Amino acid sequence: MAKKKSLYAELTHRSYSRQKDDSGNRIPQLRRGIEAQLPFHPFLEDWGLYYQSFFRSAVNQLQLGQTEDQIEKQFQERFGIEWAWADSLATDAKSTYDQLVTARENRILELTKDIESGWKAVSEGIEDLENRLKNPTRKNLKGFEKKLLGLESKTSRLIRKQSEKDRLLSQKRLHVCFGGAKLFNAQHHLEANDYNSHGEWKSDWDKYRSGNFYSVGKGTTPGNNRVAGIFYQGDDNFTVRFSVPGFLREDYGQYVYLTFEVTGQRKHDLLYALESNKPVTVQCFRREHKSDQWYIHLTTYVQDVPRISSLKNGCIGIDLNAETIDIIYIKRDGNPLRTSGKQIILSFSIPTGTTGQNVAVLRDIVCEIVRLASIYQCPIACENLDFSLKKAQLRHSGSKQYNRMLSNFIYDKFRSFLVVRAEKYGIEVKFVSPYMTSVIGMVKYMTKYGLNSASAAAMVIARRALGFKEYIPHLWLKTLSPFFAPEDSKDGGFGGGWGKISYWLKIYSIRRPRLFQPDTVLRFLLDSLTAASPKKTKRRRGKVTAISTTVETA
């Protein structure tokens, strides 16, 4: 089984070229995307229609067990296209096929976690209802029927999820609907979907299953692409030269030339790629929501930006919450930097609105974070969380707010934007373990620095990136020592101590604002734990009194 990539490896645009430096090391480079509008030409529509038809055939052949090389050779003869177009088709189809396989595996894993946590929640719910029936008071029977119906609904959903999982495990063939399942089903309800006839629907169906083609770049050929070469014409103008497939040359000749415009930094990136013989991969596509206008997207490589960030300059920590994104700057010594008597803290509300609005606001937030990191020339630290699995596990936790956070797409988007933006400015992004960051922040730093819980968690994340270990505070260890096992304090408390503190805060419903008074919290925990352990009460009562006095005077 292939080793799973790290989160950073999945998000980064940095790679290594085949060229080597004087030391024999491969030279790092950044992948760059450049997009521009194309003038309309009928070749785009015709080739887009044929290409997508060939592409669907290639995906089907891959499902039948054929390889990329076999498809490439067959398609040259079968459809009368050049080797470069056949190679691009096979590469494009293989990429899509691999994505479908990965999506299927991820879905099975998500269903497994969802079903496991779901049945656990059902079991706990049934136990709760049984306990209520044992003592049928008015209070216990309040909302009983509603909760029973909720359990029935949850059980039905879990049975459906299990059926879906069994179906995915039993099916060998991957199922995908090119053009979209919604549009496909619209043919059965024409009037409800504003279609006057099946022919009108068929026209849309063909349109949405075309309008896209792809060509793999090669740096050693003219135009840095075998069949879609890019050439500089001067000023801000570039030309793409399409090599017309053999069966269309009677209509369009051997080549089709289209001019497009690229400005600003993207122009300099493209010129660098062309002059440095970097491969330029070309994808042309039609945007139906923009009056069927055609666009060209170029993917190439530019020089890597040297890193200017260093842990010697501290670190910026980011904590992602249900409602906010919180940021704090921590110095190399592990303490927040104070300017004019205040720490450098930022808090951004999670954007709400349309997808486009969310993305725009998110990009602005990322720009501000990277700007701050550039000022201090320090790395940025973020939690290494798998939100897809977390979502499946916590769907049944009962926390609607947290579930809503996990369901929101922006967290994956945020991290992707952050890595790409930081790389452009030479800032390193470090992903650290999320273990107990909130609890540690609340217990150790919320009161000490006057932070809210989110900023305190961000501080722990930054300190973890800097290499600090978060030991359990001495006062907590001393006060609650009768209830810690020797191994709990191992490795700063990660042997189990922090886990116990988190558990106690949860079962005794200690709210976050109360932690601003640690002596009160410790006294309450000590009394509660002592009451829950009657055997230890008599033997340690004298010590408990002494500890309580110490807490009060601390």
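Bear in mind that the values in this text are calculations on the coordinates, not laboratory data. None of the values given here were measured: they were computed from a predicted structure. With ideal geometry, Cβ positions are generated from the backbone for all residues, glycine too; neighbour counts draw on all protein chains shown.
For this structure, a couple of remarks:
- Between the listed residues 185, 237, 150, the Cα displaced farthest toward the positive end of the dipole of segment 135-270, a dipole computed from Cβ unit charges relative to the Cα centre, is found at 150.
- Residue 31 sits among other residues whose Cβ lies under 11 Å from its own Cβ, and their net charge, with Lys and Arg +1 and Asp and Glu -1, is 0.
- With 24 Å as the limit, the listed pairs 202/290; 218/290; 161/413 have 218/290; 161/413 beyond it between alpha carbons.
- Once backbone amide H atoms are built at 1.01 Å from N, residue 350 has 324, 325 as its partners under 5 Å, excluding neighbours fewer than 5 places away on the same chain.
- Backbone geometry of segment 52-57 corresponds, through the Karplus equation with coefficients 6.51, -1.76 and 1.60 at θ = phi - 60°, to 3J(HN,Hα) couplings of 5, 5, 5, 4, 5, 5 Hz, x marking Gly and Pro.
- Point-to-point label distance, residue 66-residue 184, nm (Cα→Cβ direction, 7 Å offset): 2.1 nm
- Loop-located chymotrypsin sites (Phe, Trp or Tyr not before Pro) in segment 473-537, at most 15 other Cβ atoms within 10 Å (DSSP): 508
- Summing charges over all other residues whose Cβ lies under 14 Å from the Cβ of residue 516, with Lys and Arg as +1 and Asp and Glu as -1, gives +4.
- What the phi angles of segment 412-428 give under the Karplus curve with 6.51, -1.76 and 1.60, with θ = phi - 60°, is a coupling list of 5, 4, 4, 5, 5, 4, 5, 5, 5, 5, 5, 4, 5, 10, x, 9, 7 Hz, glycine and proline written as x.
- Restricting segment 267-349 to chymotrypsin sites (Phe, Trp or Tyr not before Pro) that sit in a DSSP loop and have at most 10 other Cβ atoms within 10 Å of their own Cβ leaves nothing.
- Rounded to 10°, Cα long-axis angle of helix 518-532 versus longest principal axis of the chain: 70 degrees
- Look at where the Cα atoms of segment 364-384 and of segment 253-307 average out, and the two centres are 29 Å apart.
- Taken about its Cα centre, the chain carries a charge dipole of about 3600 debye when Lys and Arg each add +1 at the Cβ and Asp and Glu each add -1 at the Cβ.
- For segment 170-270, the set of chymotrypsin sites (Phe, Trp or Tyr not before Pro) satisfying both a DSSP loop assignment and a count of at most 15 other C-beta atoms within 10 Å is given as 178.
- Averaging Cα coordinates gives a centre for segment 215-231 and one for segment 66-84; these two points are 19 Å apart.
- When each of 94/424; 134/154; 444/506 is checked by Cα-Cα distance, pairs over 21 Å: 94/424; 134/154
- Under 5 Å between amide hydrogens, built in the peptide plane, is the criterion, and for residue 82 it picks out 246 among residues at least 5 positions away or on other chains.
- Computed from phi, the 3J(HN,Hα) profile of segment 149-159 under the Karplus parametrisation 6.51, -1.76, 1.60 (θ = phi - 60°) reads 5, x, 5, 5, 5, 5, 4, 4, 5, 5, 5 Hz, with x in place of Gly and Pro.
- Taking amide H positions as modeled 1.01 Å from N, with prolines and chain starts lacking one, the residues under 5 Å from residue 32 and 5 or more places away or on another chain are 300, 301, 302.
- Within the chain, helix-based [θ] at 222 nm, where runs of 4 or more DSSP H residues each add -39,500 (n - 2.57), nearest 500: -16000 deg cm²/dmol
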